[in-house]
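What follows is a short report on a single structure.
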């Protein structure tokens, strides 16, 4: 799996398809958190929203790297299509991990906040929840499921913009609602951590669903 992840990452970097989702994350975080003097958890809510969109876009880009014929050859080489989807998800989440560091540190540099350890923990959990959920959405909107790469990306980005706005739909809407409120960070650790776990579960389910859908299309 390590070799497969390295191979997938190398191809992604060579294709430069990671640039749009990474740049949109950096742009949103820069514009929306600069000179912010409100609660740090609210700034991390903005970072989580940007992470969700970027993770979804990034995952679609990773999965859609191969043409169907090339992916079929890769399946034969690795033995199971599911291994490819797991590698795709791990590569996308690995890049999201690097972006999480930016999302945690940048608001501290440009804003005026009193920093506490609990706030950093909430910020890391919130962005993890968003990354997992975005990855799950990107998987089920990828070309092995949708069919055409253009429709695949449109479906992913459209869903990523709409789903957080659906009241009560976990995990994104409750996550953003919690972070937008002025709750003490200590009260947010467990709810936000639980939403991060839910996001991880959704990613596992999305891998299985995408694998099943890809097998049916074949």
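List the number of the failed condition for residue 156; all other conditions in (1) touching a residue at least 12 places away in the same chain (Cβ under 8 Å); (2) over 23 Å from residue 62 (Cα atoms) hold.
(2)
Return the total of residues in the range 176-218 being closer than 23 Å to residue 142 by Cβ and assigned to a helix (DSSP H, G or I). I'd like the intermediate steps shown before the answer.
Residues of the range 176-218 that are closer than 23 Å to residue 142 by Cβ, as a first pass: 196, 198-218.
If we keep only those that are assigned to a helix (DSSP H, G or I) too, we end up with 196, 198-217.
Total satisfying the criteria: 21.
Farther than 18 Å from residue 92 by Cβ, under 19 Å from the mean Cα position of the chain (by Cα), surrounded by fewer than 18 Cβ atoms within 10 Å (Cβ to Cβ) and modelled with pLDDT under 95: is that true of residue 168 in this structure?
When the stated conditions are applied, residue 168 does not pass them.
Taking the residues in the range 171-197 that are crowded, with 17+ Cβ neighbours inside 10 Å, within 14 Å of the chain's Cα centre (by Cα) and more than 21 Å from residue 38 (Cβ to Cβ) as candidates, determine which candidate is modelled with the lowest pLDDT.
Ranking the candidates gives 171 first.
The values are calculated or read from the model by the stated rules, or taken from the named source; none is laboratory data. Not measured: the values here are computed from a predicted model. Heads up, the Cβs are rebuilt from the backbone with ideal geometry, glycines too, and the neighbour counts pull from every protein chain shown.
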